[in-house]
Amino acid sequence: MRIGILGQRRSWHVQTLQDAFLKRGIPCDFLSITKIIAGVSHQPYASSEGVNLEEFDALVIRSIPSGSLEQVIFRVDVLHRLENLGVMVINSATTLERSVDKYFTSSLLEDAGIPTPRTVVTERFESAMEAFVQFKDVVVKPLFGSEGKGIVRVQDEDMAYRVFKALELGNYVFYVQEFIPHFNRDIRVFIIQDEPVAAMVRESDLWKTNIARGAKARPLDITPEFRELSVKAAKTLGAFYAGVDILEAEDGRLLVTEINGIPGWYGLQGATGIHVADLIAKNLIEFLSQKRK
Ligand SMILES: Nc1ncnc2c1ncn2[C@@H]1O[C@H](COP(=O)(O)OP(=O)(O)O)[C@@H](O)[C@H]1O
Ligand SMILES: [Mg+2]
């Protein structure tokens, strides 16, 4: 058995994951996702840094860096090709496509009957303004974003006008979501193979509760309610592993805001003491061993 990790750089997550496989006696290489060479009627069909990617039993994707539309689509298309050639890709190309795009995720959640905030997504400035007027207090999110970067809260009509005008200049898609008062905290449940393995509450002085934005984490007991909601959400995306974000609204509703298909676990591990990388490695190795039988 041989595992590959595809990413952009040797981050803490890549390193911890690689160590977890190596400790279990499984060879594990790190390769750059931006250095892929793909062949058609030409071998190898996909390689990176001189290594044939077909040689791996599974590839764990730890980053799909931003780039031009062509670059991003090409990277994901190669993952589809590798799956067609029999390599297990984690998370799968389809799961990554679904989770990287906030509109795609939100709509799948809704169609699966999972509560998620009211949102309007549009290319038209006028329609974005109408959504603001309707919701009155909104968060505007980049369609492909993470760690809270670039998300702004808008409560003032002139501010909405300026924000949307600026986004219009860059040909952005407007993702306008009603602001949910949430006591400046949210819940992250980490799922591996449809099983919650760890959860935390992230609390902040600010409404954005990403750890990357300074929120503090404390461990959370996974109640049956959180279990059901988070597992259902992860299943919607077909994720092998996922981070499910849940807002506990001040009016008592539980709303799923996002599902991360390349979730981090630095803060979660710090808060809970659970060695997430080892659990991912353990589950994947067992899964691949079962498949071979
Ligand atoms: N509709 C909302 N109302 C209030 N706060 C929100 C809403 N959506 C997101 N947030 C806050 O912003 C943070 C980042 O939003 P999220 O959708 O998870 O994007 P990212 O992918 O950047 O993490 C969340 O952790 C949450 O604290
Ligand atoms: Mg988030």
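Throughout, read-outs are computed from the coordinates displayed, never taken from laboratory work. Everything quoted here is computed from the prediction, not taken from an experiment. Methodologically, a virtual Cβ is constructed for each residue, glycine included, from the backbone with ideal geometry; neighbour enumeration extends over all protein chains shown.
Could you give the nm distance between label points at residue 123 and residue 290, where each point is 7 Å from its Cα heading toward the beta carbon? Result: 4.3 nm between the two label points. If R0 equals 51 Å, the separation of the Cβ atoms of residue 203 and residue 68 corresponds to a calculated FRET efficiency of about 0.85. Over all pairs of different C-alpha atoms in segment 119-178, the reciprocal of the mean inverse distance, the Kirkwood hydrodynamic radius, equals 11.1 Å. Ranked from largest, the principal axis spans of the Cα set of segment 159-204 equal 43, 27, 15 Å.
Would you please state the base-10 log of I(q)/I(0) at q = 0.09, 0.12 1/Å for the chain, with intensities from the Debye formula using one equal scatterer on every alpha carbon? With one equal scatterer per Cα and no solvent, log10 I(q)/I(0) is -0.46, -0.81. On average, how much area does the Cα convex hull of segment 68-186 cover when viewed from any direction, in nm²? Answer in nm², one decimal: 8.9. Pairs exceeding a 28 Å alpha-carbon distance, out of 35/216; 141/216; 165/216: 35/216; 165/216. Computed log10 I(q)/I(0) for segment 1-54 at 0.30 Å⁻¹: -1.13, from the Debye equation with unit scatterers placed on every C-alpha and solvent omitted.
Provide the FRET efficiency to the nearest 0.05 for the residue 12-residue 49 pair, computing r from the beta carbons and using R0 = 30 Å.
Calculated transfer efficiency: 0.90.
Here the chain is assigned +1 on the Cβ of each Lys and Arg and -1 on the Cβ of each Asp and Glu. Its dipole about the Cα centre then comes out at about 860 debye.
Of the trypsin sites (Lys or Arg not before Pro) found in segment 1-90, those that fall in a DSSP loop while having at most 15 other beta-carbon atoms within 10 Å are 2, 9, 10, 24.
Taken along its principal axes, the alpha carbon cloud of segment 210-293 reaches lengths of 50, 26, 21 Å, longest axis first. Straight-line reach from residue 291: taking Cα to Cα under 14 Å and skipping same-chain neighbours fewer than 8 places apart, the aspartates and glutamates in range are 57.
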